[in-house]
Amino acid sequence: MKRKGCLLLSLLVLLGLAGCTASGELQDFQGKWFDVNGETVLDFNGNKLTVTWRQWTDKYTVHLEQDGSLRYITSDKDYDFGAMSRLEIRDDGTLWAYEQILDGEGHTYHFVREEALAAEKEIRDESKDLPKTIESREIDEFSLTLKIDGVFYDLDEDWPHGVFSWTMNRNDDGTYQNDVDIMGDSYIAARYQGTEDAAYAEGVADLIQQLELPALNGYYKTNNVSSHSYSLYVTYTSGEKLRIGASGDAADECPFDVNALMAYVKDKVLENPAYY
């Protein structure tokens with residue numbers, strides 16, 4: 001009995017030490033963490049985590065978890081942190097998670113300490129010094145992408161919401177494959193596929209000149225916020241190139257009239273209501 005009692009005592013001590021080790025491993029994460037991409041705040045106190053989003057608050061007991069080469073902070077509950085997945089610990093010390101939804105574009109959580117938040121949100125000018133004049137009017141490849149959500153760029157209200165993608169590629173016979181897709185969260189909002197003549201593509205090239213887009217060639221601004229983006233890429237048969245884009249909070253504004261450019265293909269797209 002004495003031996004069994006000693007073994008039981010030793011086991012309890014080991015379990016206690018394991019609990020202390022787990023608590024110690026969480027020590028580096030104590031205090032508040034802020035979502036770069038939103039308003040969610042994490043607050044660690046020992047092995048307790050409070051998750052706050054605006055007026056909503058929930059509390060969890062958490063532990064560290066190793067999954068292959070990756071480390072996570074995981075809730076003791078079966079469903080992680082509600083709609084938010086377990087927290088991945090990145091090599092740079094930040095915490096990442098994703099929104100667990102079946103349909104639609106989920107939120108990406110990127111948590112940092114408060115003192116690092118301003119640097120993550122600071123907009124960087126990563127523009128390249130590209131030629132500010134383009135002589136050619138013969139397009140080889142054209143691509144315009146952006147998100148239509150009724151908030152940015154003062155777009156025509158006739159456009160359905162979704163990710164807008166317009167591509168135009170020159171065929172060997174001089175005609176152009178012209179494709180437009182507007183993709184909603186889990187559906188096709190609109191689609192157009194057609195073949196255009198050289199005059200149609202030249203009209204796009206002329207509009208690019210009228211909007212003085214070559215003067216913006218190389219423009220690119222961004223920050224570390226996972227948000228929307230836009231890009232305009234044009235390659236000419238002459239080898240000349242036009243590159244304009246932005247991402248994150250920098251994409252909230254566009255330095256050119258993107259609505260005027262989209263208007264060129266609007267009638268072709270909206271005449272096809274089958275995908276609404």
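The values are calculated or read from the model by the stated rules, or taken from the named source; none is laboratory data. All figures in this text were calculated on a predicted structure; none of them were measured in a lab. FYI the Cβ positions are ideal-geometry reconstructions off the backbone, even for glycines, and counts take in every protein chain you see. We work out accessible area using only protein heavy atoms, side chains counted, and drop any ligands, DNA or RNA first. Shrake-Rupley method; radii C 1.70, N 1.55, O 1.52, S 1.80 Å.
The table below gives the values:
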quantity: Residues of the stretch 182-213 that turn out to be basic (Lys, Arg) and assigned to a helix (DSSP H, G or I), as a count; calculated: 0
quantity: Subset of the stretch 99-112 that is open to solvent by 50 Å² or more (accessible area, probe 1.4 Å) and more than 15 Å from Val41 (Cβ to Cβ) - its residue that is modelled with the highest pLDDT; calculated: Thr108
quantity: Among the residues listed as Arg170, Arg113, the single one being within 30 Å of Trp56 (Cβ to Cβ) and in contact with a Phe, Trp or Tyr (Cβ under 9 Å, 6 or more places away or on another chain); calculated: Arg113
quantity: Residues that are surrounded by fewer than 18 Cβ atoms within 10 Å (Cβ to Cβ) and either outside any loop (DSSP other than H, G, I, E, B) or touching a residue at least 12 places away in the same chain (Cβ under 8 Å) (or both), drawn from the stretch 228-240; calculated: Ser229, Ser231, Tyr233, Thr237, Ser238
quantity: Residues of the stretch 77-95 classified as in a loop (DSSP other than H, G, I, E, B) and either open to solvent by less than 30 Å² (accessible area, probe 1.4 Å) or not basic (Lys, Arg) (or both), total; calculated: 10
quantity: Those residues of the stretch 194-227 which are among the small types (Gly, Ala, Ser) and open to solvent by 30 Å² or more (accessible area, probe 1.4 Å), in sequence order; calculated: Ala198, Ala199, Ala215, Ser226, Ser227
quantity: When residues of the stretch 182-192 are limited to those that are over 18 Å from Ile139 (Cβ atoms) and open to solvent by 10 Å² or more (accessible area, probe 1.4 Å), the one nearest to the chain's Cα centre (by Cα); calculated: Asp185
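The rows are residues; the columns are (1) surrounded by 16 or more Cβ atoms within 10 Å (Cβ to Cβ); (2) at pLDDT 95 or above; (3) not in a strand (DSSP E or B).
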| site | (1), (2), (3) |
| --- | --- |
| Glu135 | no, yes, yes |
| Leu146 | yes, yes, no |
| Asp158 | no, no, yes |
| Val180 | yes, yes, no |
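Per-residue answers, yes or no, for (1) surrounded by fewer than 16 Cβ atoms within 10 Å (Cβ to Cβ); (2) touching a Phe, Trp or Tyr at 6+ places or on another chain (Cβ under 9 Å); (3) among the polar types (S, T, N, Q); (4) assigned to a loop (DSSP other than H, G, I, E, B):
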residue: Gln66; (1), (2), (3), (4): yes, yes, yes, no
residue: Tyr72; (1), (2), (3), (4): no, no, no, no
residue: Ala97; (1), (2), (3), (4): no, yes, no, no
residue: Lys128; (1), (2), (3), (4): yes, yes, no, yes
